[in-house]
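The values are calculated or read from the model by the stated rules, or taken from the named source; none is laboratory data. Note that the structure is a prediction, hence the values are computed from the model and not measured. For neighbour counting, all protein chains shown are included, and Cβ atoms are generated from backbone atoms with ideal geometry for every residue, glycine included. Quick note on the areas: whole protein, heavy atoms, side chains included, nothing else; ligands and nucleic acids left out. Shrake-Rupley method; radii C 1.70, N 1.55, O 1.52, S 1.80 Å.
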Amino acid sequence: GHRMTPLNGARCTQAGLGEPSEQSIFGAGARVSGEGHGDVNALAAMGTHAGADAAQNCLPNSATGTIDFAVDAQIEDADVLVAGGGTGGAIAALAASRNGAQTLVIEAGWFPGGIATGGGIHCYYHGVPGGVQDTIDRETDAIAESLGGAARVVGFHPEARKIALQRALDEAGAQIRYGMTAADVMMDGDRVAGVLFVAPGKALLVKPQVVIDGTGDGDIAAMAGAPVVHGRPSDGLTHQYSLSSGCFRGDKIAFHNFDAGYVNATDVVDLTRGWRHALQLYWRPEGYTPEGRQLYIAQFIGLRQSRHIVCEYTLTMADQIANRHFDDVVAYGRCHLDNHAFDYENESDEALFWNWVLGFWQRHLSHEVPYRCLVPKSVSNAVLACRAVSVTRDAHMLLRMLRDMQRIGEAAGVAAALAARNDRAFRDVDIEALQGKLRESGALLDDWDNGPPAPEPEELVGALTGETPMIEAWQLYCAGEAAVPALLESLGSDDADTRWWAATTLAMLGQPKATDELMTVLKRRDEQRPLANPNQHEAVIKRSAPRWVAAIGLLGKLRERRAVPVISAVLEGPADDPDALITAVRALGRIGDATAADALKTFIQRADLPADAALQDSINQGARASRDVSWQIRLATAEALKALGAPMPEIADAYLADPRAFVRAYAERISG
């Protein structure tokens, strides 16, 4: 091997300004000057001087050749390689080691635990306890007592958790390498034969028997060729990201969690943009009040979602709502549909129905997680222990919490030990043996209740006249065609509410006879919401919608041409509700009637279109962000016009150089 050396790189034009041995390298800091040790101002001045020298004294790099980055790679074998020692990966490594596997963990950061220890999210938001995570929780609390007291921290002590995880991994015999990032994989057929990790000037090639992908983004599985999905189908956005910070809440150390916007977690440039944007939200020239002062800003950006790996089974929201039983169950989830979106016109039809129509954003659900959601297709010796597991976007919103990832991590770790011991592909692991190990640790429960079966459609329809008909409406939707006759009968009811619930459910089932009732609701601008109770939490009310807005989305789903004039009229009205406007735009695009093109072209020329809207602030203690909706309005309109055969490519072209990767990707999809 030899040093990494740039070929024909820019050279310093004045001797003595750069590093002594490399004219093309400028140095800044006490190591270069021999001065300024411990003096922050002096060190900053050195950096400023070095930057100015580099800008003024380096010639442009006109090289057209390549750069040789050859470096000797150390080679290491492992029974189980855990790529990523975060929330799920650390528990997976612990489970694999405790089950007898020689385990090697490679983590890009410098401590285990991920977002729970370095991301400023040090509490459990729902999820199901049990298993290895419980032992770590107890150890964390015990260590916290020597770090100021567990009672002085909201949730669990993040520094104590670092120590607890590190101690547990050491005691289990897991080997750990910090500061190295997965760069590539070597494949042997459908097997990962090697994973290349890199650090400055170093490379490590690990040749594992099996791999646990705990990278969060599913990097190993994706590089190995497993199929992936990324972002919601409408505009490609993943869940909002955050940048948490520490603060005082009374006499306790707590944290501030808020949505900073959107970012493509697989794009390092966009990640950098997202970090810089979120960091600037903390800057307040007027300063902070004592109550709102921030103690620290998290070391990790809060990525809630990225790509999902397509596995042997994809869990759906319908599975979760029904609490469906799986013979290969290895984990559980318990949460509400914690989708931070307010723009359900850009989400799935089911999410729109669940939130806008039924008002169920905060309705808690318990569900099983099958082992097959952890086993990537087309890769035989890799298993997932992170948020990249195979779930739909909607299902992800209920299965992304710390406890969820730790449970998945334990299942993946035990499965990896079994696969390595028996030389089996992950899809061929003995499920009963895996479940037996999980029962021993308390991770798999014997008393999990899947609930009673849903009543017959006739009984459900009768309940639509009750005080809370929303549950029955969802169950009727799940019943499918069997519910249609009874719903059609209810559509003729003298009661307006009964007609509404029947019409919305029929629309979800694709029945055009719902059209007239939906158009009636839209024409009269019915403002009623499913949760009009003033005692409801504000976040829940905001995630429901007036009936007339929900009706637009459902008419679009029905692709009902008769609704075009009524929906087009919405684009001529007040511009104070961006989500209502985008709902109308998307509905017209779905319907596909070319007569709507003129209304869309007139709409996009309006000077009063909204520019921004709210994002969620989970704990209102500091930084706040808003959601830019101008690009969503304009690109949704461009997409609708293209679908109607009346394209305006200049709309999308204006966003092809946008600094946000997800905006560029959407513009590229619909341009031309």
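Using the structure shown, decide if D251 is out of contact with any strand residue (DSSP E or B) (no Cβ under 8 Å at 6 or more places or on another chain) and open to solvent by less than 10 Å² (accessible area, probe 1.4 Å).
no
Residues in segment 441-452: is at least one over 35 Å from the mean Cα position of the chain (by Cα) and free of Cβ contacts under 8 Å to residues at least 40 places away in the same chain?
There is no residue in segment 441-452 that is over 35 Å from the mean Cα position of the chain (by Cα) and free of Cβ contacts under 8 Å to residues at least 40 places away in the same chain.
Under 8 Å between Cβ atoms, at least 6 apart or on separate chains: pull out the pairs that start in segment 382-408 with a residue that is outside any loop (DSSP other than H, G, I, E, B) and end on any residue that is of a type in the set (K, R) and open to solvent by 10 Å² or more (accessible area, probe 1.4 Å).
Hits for this filter: H396/R387; M405/R387.
Quickly run through segment 364-381 and pick out the residues that are assigned to a helix (DSSP H, G or I) and either modelled with pLDDT under 95 or of a type in the set (S, T, Y) (or both).
Y371
Can you find, within segment 131-150, the residue that is nearest to W110 (Cα to Cα) among those that are open to solvent by 50 Å² or more (accessible area, probe 1.4 Å) and free of Cβ contacts under 8 Å to residues at least 24 places away in the same chain?
Within segment 131-150, the match that is nearest to W110 (Cα to Cα) is L147.
Taking segment 199-223 as the search range and keeping residues that are more than 24 Å from L94 (Cβ to Cβ), aliphatic (A, V, I, L, M) and not in a strand (DSSP E or B), which one is least open to solvent (accessible area, probe 1.4 Å)?
Top of the filtered list is A222.
Name the residue, out of W361, W354, that is outside any helix (DSSP H, G or I), over 21 Å from L94 (Cα atoms) and among the hydrophobic types (A, V, I, L, M, F, W, C).
Checking each option against the conditions leaves just W361.
For segment 160-198, give me the residue count where each residue is assigned to a helix (DSSP H, G or I) and surrounded by 14 or more Cβ atoms within 10 Å (Cβ to Cβ).
10
Answer yes if at least one residue in segment 397-411 is within 25 Å of R304 (Cα to Cα), open to solvent by less than 20 Å² (accessible area, probe 1.4 Å), of a type in the set (K, R) and in contact with a Phe, Trp or Tyr (Cβ under 9 Å, 6 or more places away or on another chain), and no otherwise.
yes
When you look at A473, is it in contact (Cβ under 8 Å) with a residue 24 or more places away in the chain, over 24 Å from L94 (Cβ atoms) and assigned to a loop (DSSP other than H, G, I, E, B), yes or no?
Criteria not met by A473.
Inside segment 77-92, can you point out the residues that are surrounded by 24 or more Cβ atoms within 10 Å (Cβ to Cβ) and of a type outside the set (A, V, I, L, M)?
G84, G85, G86, T87, G88, G89
Return the residues of segment 378-393 that are buried (at least 24 other Cβ atoms within 10 Å of the Cβ) and touching a Leu at 6+ places or on another chain (Cβ under 9 Å); say none if nothing qualifies.
V383, L384, A385, R387, V389, S390, V391
For A116, state whether it is in contact with a His (Cβ under 7 Å, 6 or more places away or on another chain) and in contact (Cβ under 8 Å) with a residue 60 or more places away in the chain.
Working: in contact with a His (Cβ under 7 Å, 6 or more places away or on another chain): yes; in contact (Cβ under 8 Å) with a residue 60 or more places away in the chain: yes.
Criteria met by A116.
Across segment 512-556, what is the number of residues that are under 20 Å from L571 (Cα atoms), aliphatic (A, V, I, L, M) and at pLDDT 95 or above?
Just the residues of segment 512-556 that are under 20 Å from L571 (Cα atoms), to begin with: 515, 518-527, 545-556.
Filter again for aliphatic (A, V, I, L, M), leaving 518-519, 521-522, 545, 549-552, 554-555.
Cutting the leftovers down to at pLDDT 95 or above gives us 518-519, 521-522, 549-552, 554-555.
Adding up the residues that qualify gives 10.
H364 - would you say it is under 16 Å from the mean Cα position of the chain (by Cα), surrounded by fewer than 19 Cβ atoms within 10 Å (Cβ to Cβ) and under 30 Å from I541 (Cβ atoms)?
no
So which residues in segment 304-350 are more than 12 Å from L398 (Cα to Cα) and among the small types (G, A, S)?
S306, A322, A331, A341, S348
Filter segment 628-664 for residues that are within 15 Å of L609 (Cα to Cα) and not hydrophobic (A, V, I, L, M, F, W, C) and give the result.
Matches in segment 628-664: D628, S630, Q632, R634, T637.
How many residues are farther than 30 Å from R439 by Cα and either at pLDDT 95 or above or of a type in the set (G, A, S) (or both) when one looks only at segment 306-344?
Applying the first criterion (farther than 30 Å from R439 by Cα) to segment 306-344 yields 306-307, 339-344.
Narrowing further to those that are either at pLDDT 95 or above or of a type in the set (G, A, S) (or both): 306-307, 341.
Summing the residues that are farther than 30 Å from R439 by Cα and either at pLDDT 95 or above or of a type in the set (G, A, S) (or both) in segment 306-344 gives 3.
Kindly state which helices (runs of 4 or more DSSP H) lie completely within segment 628-672 and contain at least 2 residues that are within 26 Å of the chain's Cα centre (by Cα).
Of the helices (runs of 4 or more DSSP H) lying wholly inside segment 628-672, those with at least 2 residues that are within 26 Å of the chain's Cα centre (by Cα) span 630-643, 661-670.
Could you tell me which residue of segment 97-130 is surrounded by the fewest Cβ atoms within 10 Å (Cβ to Cβ), considering only residues that are assigned to a helix (DSSP H, G or I) and among the polar types (S, T, N, Q)?
Residue satisfying both the conditions and the ranking: S97.
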